[in-house]
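Peer 1: Following this message is one structure expressed as structure tokens.
The values are calculated or read from the model by the stated rules, or taken from the named source; none is laboratory data. Here the structure is a predicted model, which is why all the values come from computation and not from measurement. Positions of Cβ are generated from backbone atoms using ideal geometry, with glycine treated the same way; all protein chains shown enter the neighbour counts.
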Amino acid sequence: MTDTIATAPAVATAPRALQKWDDRVLVLGIETSCDETSAAVVKGGREILSNVVASQTELHREYGGIVPEIAARAHIEALTPVIAEALVLADVTFWDLDAVAATVGPGLVGSLLIGIAEGKSIAAALGLPFIGVNHLEGHIYSNLLVDPAARWPALCLIVSGGHTLIVDVSGHARYEILGRTLDDAAGEAFDKVARFLGLDYPGGPEIDRLSLLGDPEAVRFPRAMLNQDGLDVSYSGLKTAVINYVRGREKAGAQISVPDVAASFQQAVVDVQVAKTMTAAERTGASRVCMCGGVAANSGLRRGMEAACKERGLELTVPPLELCTDNAAMIAACGTEMLRAGELSGLDAAPDPNLPLAR
Ligand code: KG4
Ligand code: ZN
């Protein structure tokens, strides 16, 4: 007698979901790509019923950056209670859900694995579709959670700890990357400069806070790539310029105003990022500009982009702070659109730490 091994279906199906993939469809989103454990319930891809984020910042602070092994272990501990809380706050049960969406990449492989395993388990147990979502596509979709009328096409600036991309979003899953960083991501530059200045982790919000106390014109740091035609940016030279400036002043025995350095650095990033985004908008003829990712929480960038868009008569969508940084509502929103488009993943879905945006 031969043993039969039951294999999981390649694609989970859910007749319930397919019957009502309208504005009432309920998707559970799971986000564990980096150092936030998040679960959310989103209705119709637009209405956030709950969005719970458990941050690991305190665990990583003493190391001055994210330790992947610690992140993965913390996700294991936090994820189940975070999902339970998301369901309670949304006032729904597992049995009300129509699909489960989890981030499959890009991100830290061990962290991604936790969210994917739990998401697939829930989907399999309930017989629901599982949708593997690209984290960057999720960030793009955070913009649709802001304004019920918001829709594509739009020019989207993704500025996070790992990515800096200017993307022409012509429709769902239609992304053309027009510009990117050639070295450090914008958030990475904020974090590295902050660490050099002896500021707390994560550095972006710290520099933002200190900038309010400093003079952005105090030091004229270089604006790399600004005089070039292309839409790419580069931040490693700026980081080095900050380091050289501070060391030079120290050597000369001169005083350094950390708020002035922070404000001047931030202004250089803002000037470059706003200019490149405006050039991209001009070239594509976009009438709407969207911003997303952790650095989109930066007050200087928000002000700079607002002023530039206003001047040119462009509509600007910027998510509130809690939707700029990593969260599961954006994953559920993107997952809902993928559900509508029939883009389901198999239960063999695996993490892809380097998953590109274009598919
Ligand atoms: O999108 P996100 O939460 O995670 C990634 O996918 O990377 O972005 C995190 C990044 C970090 O580098 C953090 O320092 C930066 O976003 N960030 C900020 C601000 N808030 C978060 N950077 C500048 N100003 C802020 N207010
Ligand atoms: Zn992110």
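Peer 1: Is region 275-291 home to any residue that is out of contact with any helix residue (DSSP H, G or I) (no Cβ under 9 Å at 6 or more places or on another chain), assigned to a loop (DSSP other than H, G, I, E, B) and without any contact (Cβ under 8 Å) to a residue 12 or more places away in the chain?
Peer 2: Within region 275-291, one or more residues are out of contact with any helix residue (DSSP H, G or I) (no Cβ under 9 Å at 6 or more places or on another chain), assigned to a loop (DSSP other than H, G, I, E, B) and without any contact (Cβ under 8 Å) to a residue 12 or more places away in the chain.
Peer 1: Here is a further query. Inspect all residues belonging to region 342-353 and state whether any of them is in contact with an Asp or Glu (Cβ under 7 Å, 6 or more places away or on another chain), within 22 Å of Asp35 (Cβ to Cβ) and outside the structural domain of Ile177 (by TED's automatic domain parsing).
Peer 2: no
Peer 1: Test Val100 against the criterion of being under 25 Å from Pro202 (Cα atoms) and crowded, with 23+ Cβ neighbours inside 10 Å, and give yes or no.
Peer 2: Taking the combined requirement at face value, the residue does not satisfy it.
Peer 1: Now a separate question. Check whether at least one residue in region 236-244 is in a loop (DSSP other than H, G, I, E, B), surrounded by fewer than 17 Cβ atoms within 10 Å (Cβ to Cβ) and either among the acidic types (Asp, Glu) or free of Cβ contacts under 8 Å to residues at least 24 places away in the same chain (or both), and report yes or no.
Peer 2: No - not one qualifying residue is present in region 236-244.
Peer 1: Conditions first: (1) under 18 Å from Leu49 (Cβ atoms); (2) surrounded by 22 or more Cβ atoms within 10 Å (Cβ to Cβ). Thr93 passes all but one, so which condition is the exception?
Peer 2: It fails just one condition, (2).
Peer 1: Another one. Filter region 141-166 for residues that are closer than 20 Å to Ala341 by Cα and either among the charged types (D, E, K, R) or under 13 Å from the mean Cα position of the chain (by Cα) (or both) and give the result.
Peer 2: Within region 141-166, Tyr141, Ser142, Asn143, Arg151 meet the criteria.
Peer 1: Might you check whether a residue that is aliphatic (A, V, I, L, M), within 22 Å of Ser234 (Cβ to Cβ) and out of contact with any Asp or Glu (no Cβ under 9 Å at 6 or more places or on another chain) occurs anywhere in region 307-320?
Peer 2: Looking for residues that are aliphatic (A, V, I, L, M), within 22 Å of Ser234 (Cβ to Cβ) and out of contact with any Asp or Glu (no Cβ under 9 Å at 6 or more places or on another chain), one finds at least one in region 307-320, hence yes.
Peer 1: Quick one: is Asp147 at pLDDT 95 or above and more than 14 Å from Ala39 (Cβ to Cβ)?
Peer 2: For Asp147, the condition - at pLDDT 95 or above and more than 14 Å from Ala39 (Cβ to Cβ) - is not met.
Peer 1: Working only within region 305-328, note down all residues that are within 16 Å of ligand 2 (Cβ to nearest atom) and either over 26 Å from Asn51 (Cβ atoms) or buried (at least 18 other Cβ atoms within 10 Å of the Cβ) (or both).
Peer 2: Val318, Pro319, Leu323, Cys324, Thr325, Asp326, Asn327, Ala328
Peer 1: Another question, if that's okay. Can you name the number of the only condition in (1) within 21 Å of Met305 (Cα to Cα); (2) touching a residue at least 12 places away in the same chain (Cβ under 8 Å); (3) small (Gly, Ala, Ser) that Gly110 fails?
Peer 2: Evaluating Gly110 over (1) within 21 Å of Met305 (Cα to Cα); (2) touching a residue at least 12 places away in the same chain (Cβ under 8 Å); (3) small (Gly, Ala, Ser) leaves (1) as the failure.
Peer 1: Select from region 191-224 the residues that are within 13 Å of Gly237 (Cα to Cα) and not in a loop (DSSP other than H, G, I, E, B) and write down the one among them that is nearest to ligand 2 (Cβ to nearest atom).
Peer 2: So the residue we want is Lys192.
Peer 1: Could I ask something else about it? With respect to the numbered conditions (1) modelled with pLDDT of 95 or more; (2) within 15 Å of ligand 1 (Cβ to nearest atom), which one is the sole condition not fulfilled by Ala218?
Peer 2: (2)
Peer 1: What pairs come out if I take residues in region 61-86 that are over 22 Å from Gly198 (Cα atoms) and pair them with residues that are charged (D, E, K, R) and surrounded by 14 or more Cβ atoms within 10 Å (Cβ to Cβ) whose C-beta lies under 8 Å away, six or more apart or interchain?
Peer 2: Ala71/Asp35; Ala74/Asp35; Leu79/Glu118; Thr80/Glu118; Ile83/Glu118
Peer 1: Taking only region 305-348 into account, find how many residues are within 12 Å of ligand 1 (Cβ to nearest atom) and charged (D, E, K, R).
Peer 2: 2
Peer 1: Being touching a helix residue (DSSP H, G or I) at 6+ places or on another chain (Cβ under 6 Å) and either farther than 23 Å from Val269 by Cα or among the aliphatic types (A, V, I, L, M) (or both) is the filter here, so list the residues in region 145-168 that pass it.
Peer 2: Answer for region 145-168, where residues must be touching a helix residue (DSSP H, G or I) at 6+ places or on another chain (Cβ under 6 Å) and either farther than 23 Å from Val269 by Cα or among the aliphatic types (A, V, I, L, M) (or both): Leu145, Ala150, Leu155, Leu157, Ile158, Val159, Ile166.
Peer 1: Would it be correct to say that Val169 is within 18 Å of the chain's Cα centre (by Cα), within 16 Å of ligand 2 (Cβ to nearest atom) and aliphatic (A, V, I, L, M)?
Peer 2: no
Peer 1: Residues Arg288, Arg302, Arg283: which one is buried (at least 17 other Cβ atoms within 10 Å of the Cβ) and more than 16 Å from ligand 1 (Cβ to nearest atom)?
Peer 2: Step by step, each of Arg288, Arg302, Arg283 is checked, and only Arg288 is buried (at least 17 other Cβ atoms within 10 Å of the Cβ) and more than 16 Å from ligand 1 (Cβ to nearest atom).
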